[in-house]
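J.: Have a look at this one.
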Amino acid sequence: MIYDGALPWVREIDAAQPLQVGYNPGISGLNLNFNRVFLEWTPEGNDFNLTLEARSERVRPAVSVVRAKIVDGKGPVFTYSQSAAFEDWTVNKRALGRKKGGRWLPVRAPGAYAGDVMHTLARSHGIVLRPAERIAALPEGARLLASHKSPVLEDIVRGMLKFSTNLTAESLGLTASGAGSLVASGAAKSNWSKARFDVRRPGFIDHSGLGDQTKLTAFDMVRILTGSDAQRLLQPLLKELRVLDAKGDLDTKSGRRIFAKTGTLNFVSGLAGYVTTPVGRDLAFAIYSSDLDRRSKLSRAERERPRGARGWDSRARRMQQRLIARWTTLYGDLEQKAQLSEQ
C-alpha cells in the first residue's frame, strides 16, 4: 500500500506549459526522482524500441505505470492521457529522426509512480511484494518500520535555488502553508508576505514562479530582500553568479560579487538578490523584463523552445549585468566618498 496524502495532489504546476516538459510534473505527498520518468528511443530496423525508466546515478528501474508508444502521421509530437491505472504517452515517429535519444517526461500520478518503482527495486533484491495500491488514509495501528532524515532545510533550499527545481519549491510551499490546493497555498504566501514584509500588491499563484499569472513588483521584491534579517538568512542560500563586463566576458577586475536568483520564462527574465560593491557595500536589487505580447502569441506546444527566445534571454541577461555594474559604480562611489569625507 502507498499513502501520499501528506500533501495535496496537484496534477501539474502550470496547465499552460507544454505537455512533455519535465519541469512541470504532478505533486503529492510521495515524490520520487523529481516526478520525472526517462523515455529513451532506440532505432530497430524501420521502427523504434521505447523504454521508460526511473533513472538515477546508480539504478535504472523499469516503470510499468507509465507507458509510451510510437504513432505515425502529422499529429503533435506528444500526446498524453491518464486512467486510473496508467499514464499513457504517444510519440510521433517523424520527430525522432534515426538516432538513439531520450528525454525526461513529467509524471502526473507521483504516488503510483513511487510505489511502482519501490515494487521493482524490492523485487531486484529478492523481495516479492504485491503491486502497490494507493490508500486514502493510513490504517489503524500502522507502525513506523523505518525512517530517513532529509538534509537540513537550508541545504534543500540552497540546492533548489541553484538548480531551479520547481517540485522542491512547490513541496516546501505546500508544506509551509498547510493549504489544500496550490492556489490556496499561493494565496497564503501572499498574505504572509504582506504581514512579514509589508509587501503592497503580492499575487502568488504558486511557489516556483512557473505560472505566469503570479504578480510581484520589483519594488515589493526589494522590500522582501531588505526586510529584517532577510539578507542574513537569504544571501548564504543564493548562488554566486559570474560577473560579466559590457562585452559579456568574464569580469575579474571590478571586485563586484553577485548573489542572486534568476527567473526565466519564454520572453520573461528576472534577477533578484544582492551585490557587494568593490568598497564592500551591499545592495539589494530586483530586475524584471518581459515581452508579454510576444509571449502571449505562443501556442502551448510552442512554449518549449520558441524561436527567438534564447537570443532574447541573452540580451536580457546582458542588460541585467549592465544595470548592476551601473548601480555598484554609482552607489559604491557614494559610499567611498562618504568614507573619505569622514576621514
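J.: Are there any pairs, at least 6 apart or on different chains, whose C-beta atoms fall under 6 Å, with the first in the stretch 34-51 and closer than 18 Å to Val107 by Cα and the second open to solvent by 40 Å² or more (accessible area, probe 1.4 Å) and among the β-branched types (Val, Ile, Thr), and if so, which?
T.: As it stands, the answer is Glu40/Thr51, since those pairs meet every condition given.
J.: What pairs come out if I take residues in the stretch 71-90 that are charged (D, E, K, R) and pair them with residues that are in a loop (DSSP other than H, G, I, E, B) and open to solvent by less than 40 Å² (accessible area, probe 1.4 Å) whose C-beta lies under 8 Å away, six or more apart or interchain?
T.: Pairs found: Glu87/Val65; Glu87/Val107; Glu87/Arg108; Glu87/Ala109.
Every residue, every condition in (1) surrounded by fewer than 17 Cβ atoms within 10 Å (Cβ to Cβ); (2) within 23 Å of the chain's Cα centre (by Cα); (3) outside any loop (DSSP other than H, G, I, E, B), yes or no:
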{"site": "Phe34", "(1), (2), (3)": "no, yes, yes"}
{"site": "Val37", "(1), (2), (3)": "no, yes, yes"}
{"site": "Leu50", "(1), (2), (3)": "no, no, yes"}
{"site": "Arg55", "(1), (2), (3)": "no, yes, no"}
{"site": "Ile70", "(1), (2), (3)": "yes, no, yes"}
{"site": "Thr90", "(1), (2), (3)": "no, no, yes"}
{"site": "Arg94", "(1), (2), (3)": "yes, no, yes"}
{"site": "Arg98", "(1), (2), (3)": "yes, no, no"}
{"site": "Gly102", "(1), (2), (3)": "yes, yes, yes"}
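J.: Cβ-Cβ under 6 Å, sequence separation 6+ or interchain: first residue in the stretch 135-159 and under 23 Å from Ala109 (Cα atoms), partner open to solvent by less than 100 Å² (accessible area, probe 1.4 Å). Which pairs?
T.: Qualifying pairs under 6 Å: Ile135/Tyr3; Leu138/Tyr3.
J.: If we keep just the residues of the stretch 128-158 that are loosely packed, with under 10 Cβ neighbours inside 10 Å and among the aliphatic types (A, V, I, L, M), which is farthest from Asp88 (Cα to Cα)?
T.: Looking at the filtered set, the residue picked out is Val152.
J.: Those residues that are out of contact with any Asp or Glu (no Cβ under 7 Å at 6 or more places or on another chain) and either closer than 28 Å to Glu133 by Cα or at pLDDT 90 or above (or both), I need them from the stretch 83-95; list them, please.
T.: Within the stretch 83-95, Ser83, Ala84, Ala85, Phe86, Glu87, Asp88, Trp89, Thr90, Val91, Asn92 meet the criteria.
J.: Please go through the stretch 200-233 and give me each residue that is under 16 Å from Gly173 (Cβ atoms) and buried (at least 16 other Cβ atoms within 10 Å of the Cβ), ordered by number.
T.: Pro202, Phe204, Ile205, Asp206, His207, Ser208, Gly209, Leu210, Gly211, Thr214, Leu216, Ile224
J.: Show the residue pairs that are 6+ apart or on different chains and have beta-carbon atoms under 6 Å apart, the first residue being within the stretch 258-278 and within 20 Å of Lys297 (Cα to Cα), the second being open to solvent by 10 Å² or more (accessible area, probe 1.4 Å) and part of a strand (DSSP E or B).
T.: Filtered contacts from the stretch 258-278: Val268/Ser290; Ser269/Ser289.
J.: May I pose another question? Tell me which helices (runs of 4 or more DSSP H) are completely within the stretch 158-246 and hold 3 or more residues being within 19 Å of the chain's Cα centre (by Cα), or say none if there are none.
T.: 166-177, 182-197
The values are calculated or read from the model by the stated rules, or taken from the named source; none is laboratory data. Just so it is clear, the model here is predicted, and its values are computed rather than measured. Quick reminder, even Gly has a Cβ in these numbers, built from the backbone with ideal geometry, and neighbours come from all protein chains shown. Side chains included, ligands, DNA and RNA excluded: accessible areas come from the protein's heavy atoms. Shrake-Rupley method; radii C 1.70, N 1.55, O 1.52, S 1.80 Å.
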